[in-house]
Amino acid sequence: MILVLLVWILILFVFFVLGFSVVKTIDIFTGRNERSTFAFDEFFFTGFLTLSSASGIISIFIPVGNYVLLSVIIISISLFLIIFREIKLFISGASRKISSFNKFQLLFLSFIIIFIMASVVQKITLGDTESYHAQTIQWIRKYAVVPGLGNIHARLAYNSMFFVISGLYTFQIRDILLFPLNGICYIILIIRLMILFGKEIRQGAIWKAVFYSLIFLISFLILIPDLNSPSPDIICAILIIYVFILSITIAEEKKELNLIRFILLNLIVFSCITFKISSLLLVSLILFFLNKEILKRIKVVITVVVLVFSSFIVRNYYLSGYVIYPFSKLDIYNTDWKIPADNVNAEKSAIEGWAKIWTAPYPDVVNMKIQEWILPWFKLLNIANKVLVTINFLSIFTLIIMLIKRDFFLATLQLIILINLVFWFLMAPDPRFAYGFIFLGTSMTLAYIIKLFESMGITGLFKYIKICLVCLLLLVISKRIRFPLVTAGNPSLWILPAPFGTVETKNYYSDFEYRVPIPEGGCFNVEIPCVPYPLKDIVLRGKSIQDGFKIKN
């Protein structure tokens, strides 16, 4: 836990300083002073997403490992010294806001942070991290982008840009692997939710307080087990929730959306898409904010898209030979390392088939009509996901009521959530691919029902809502209490996280040496190249691994 805390402090420092510097630079060029309106979390995410885009560009030319991290830390310290006075003033103001928390709020926040810290030091058990996350990050840390890497293992071509920034912030001590980004980003989100919850309680907006508390409780229940992984599903859930609550805050303040905050909204949306392509229709949220100064805002959108997507497209080009993988129809390149279209289509079918009915053969599932797979899909969901999906289905009715009641802003947000959920459902309906939208849809639907009761003037409602929320909190804590209990009973975890799993391997030879696990399957963090199964007809394009891989003619 001590190591995790130290790493989180380092990340907080770097992201905040970089974010503050980026915002200050934009203010200087535009002649404005908009950074005074920014909160700590907004500076944090600005720094995080700017560095993510920069890391993507760097990864095309050199490995994103310890030397790059050291350079980033040196730059951050230099910037900190240059703008120390401004940061000191900001921190003083932010500290006063935290001090406004009452003792119970501070105690609860401390409990949650320790709970999360005790959870992330547990052994990483996410199957995808064992299968390809750790391997992908190892390639990023040791090599610049490798042409045709997807030829030796299809999942190495997935190209989530979150793996790139995770490569920068992956720490290894012998057999211990620490992936800290999901955990610290989730804590920043929780702090923002707590601030908003307290604000709404003080103002008597019970339904809004319920909305923020439900987001916290649902996400805490679902995300805790995998916060120690570099899963793009987790970070996208965090960013999707954050961008929606940021949008709500902007609307509630009834102030014109300033340039800096609009840039942040764009950074979140387009970065999230490069982290997980299933977030594609999140772009509909940006369209909502193009209602004023449309030409200026379109220029901002284009600038951010170029900044964020340039490295994403280039990395796709090298890793797979396609614009976006695994979509073979977007085929405009002619490279010798291109993954065969049949392999790409098979990978896409595997994703879609697994997401719908993971117990049946993928080719059979993808050819089913919706009425054939929807019930088997629903039956395979666990109880929590069944409840969440059902409530999101009911959100259609709350959307209609919102329109009747002329709650057009809430209706717009609900519609954006529904559009994204429909896209998710038709493409690959594994709940983890749309956690952010599912959590938001559930919370908004239930909170709006509370709002309807409030508008009817029903008295004494808050007393029962508080009881329900406390009971739900106790239920969530009891479901996840084993994590801190295991940590409390294992003193070694108080200092270092649990070791990452490993697997025995067997050496194979093509015109290069590689490893295959025994039994065949996940490579964990075995020395690269490691692939799940022996290769057929795969050779080097040149004399070294950096030159990439291709199919033998």
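The values are calculated or read from the model by the stated rules, or taken from the named source; none is laboratory data. Worth saying up front: this structure is predicted, and the values here are computed from it rather than measured. Here the Cβ positions follow ideal geometry from the backbone for every residue, glycine too, while neighbour counts run over all protein chains shown.
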If we scan segment 173-182, do we find a residue that is modelled with pLDDT of 95 or more, surrounded by fewer than 20 Cβ atoms within 10 Å (Cβ to Cβ) and closer than 23 Å to GLY65 by Cβ?
no
Close pairs (6 angstrom Cβ cut-off, 6 or more residues apart or separate chains): more than 27 Å from LEU485 (Cα to Cα) in segment 123-143, of a type in the set (D, E, K, R) and modelled with pLDDT under 95 anywhere
TYR132/ARG155
Unique residue being of a type in the set (Lys, Arg), under 24 Å from the mean Cα position of the chain (by Cα) and surrounded by 13 or more Cβ atoms within 10 Å (Cβ to Cβ) when the list is LYS405, LYS386
LYS386
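Matching residues to (1) farther than 13 Å from GLY19 by Cα; (2) modelled with pLDDT of 95 or more; (3) loosely packed, with under 14 Cβ neighbours inside 10 Å; (4) out of contact with any Pro (no Cβ under 7 Å at 6 or more places or on another chain):
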{"residue": "PHE29", "(1), (2), (3), (4)": "yes, no, yes, yes"}
{"residue": "LEU51", "(1), (2), (3), (4)": "no, yes, no, yes"}
{"residue": "SER59", "(1), (2), (3), (4)": "yes, yes, no, yes"}
{"residue": "VAL64", "(1), (2), (3), (4)": "yes, yes, no, yes"}
{"residue": "LEU89", "(1), (2), (3), (4)": "yes, no, yes, yes"}
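Looking only at helices (runs of 4 or more DSSP H) that fall completely inside segment 184-296, which ones have 2 or more residues that are among the small types (Gly, Ala, Ser)?
Values: elements: 206-223, 232-253, 259-275, 284-288.
Filter on segment 184-296 gives 206-223, 232-253.
Kindly indicate the residue of segment 302-323 that is among the hydrophobic types (A, V, I, L, M, F, W, C) and crowded, with 22+ Cβ neighbours inside 10 Å and also farthest from TYR435 (Cα to Cα) among those meeting that condition.
Start the filter on segment 302-323 by keeping residues that are among the hydrophobic types (A, V, I, L, M, F, W, C), which leaves 302, 304-309, 312-314, 319, 323.
Checking which are crowded, with 22+ Cβ neighbours inside 10 Å leaves us with 304, 308, 312, 319.
On the way: VAL304: 25, VAL308: 23, PHE312: 23, LEU319: 27 Å.
Going through the qualifying residues, I end up with LEU319.
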Looking for something touching a Ser or Thr at 6+ places or on another chain (Cβ under 8 Å), charged (D, E, K, R) and outside any loop (DSSP other than H, G, I, E, B) - is there at least one such residue anywhere in segment 307-326?
yes
Counting only residues in segment 260-310 that are over 26 Å from ILE60 (Cα atoms) and aromatic (Phe, Trp, Tyr), the one nearest to the chain's Cα centre (by Cα) is identified as PHE262
Could you please tell me which pairs satisfy a Cβ distance under 6 Å, a separation of 6+ or placement on different chains, a first residue in segment 491-513 that is in contact (Cβ under 8 Å) with a residue 12 or more places away in the chain, and a second residue that is of a type in the set (A, V, I, L, M) and outside any strand (DSSP E or B)?
LEU493/VAL121; TRP494/MET1; ILE495/ILE2; LEU496/LEU3; PRO497/VAL121; PHE500/ILE124; THR505/VAL526; SER510/LEU535
Filter segment 159-176 for residues that are over 17 Å from TYR318 (Cα atoms) and either of a type in the set (Val, Ile, Thr) or part of a loop (DSSP other than H, G, I, E, B) (or both) and give the result.
ILE165, TYR169, THR170, ILE173, ARG174, ASP175, ILE176
Test of understanding: among PHE44, PHE111, PHE80, which residue is over 30 Å from VAL146 (Cβ atoms), free of Cβ contacts under 8 Å to residues at least 40 places away in the same chain and either under 22 Å from the mean Cα position of the chain (by Cα) or assigned to a helix (DSSP H, G or I) (or both)?
PHE111
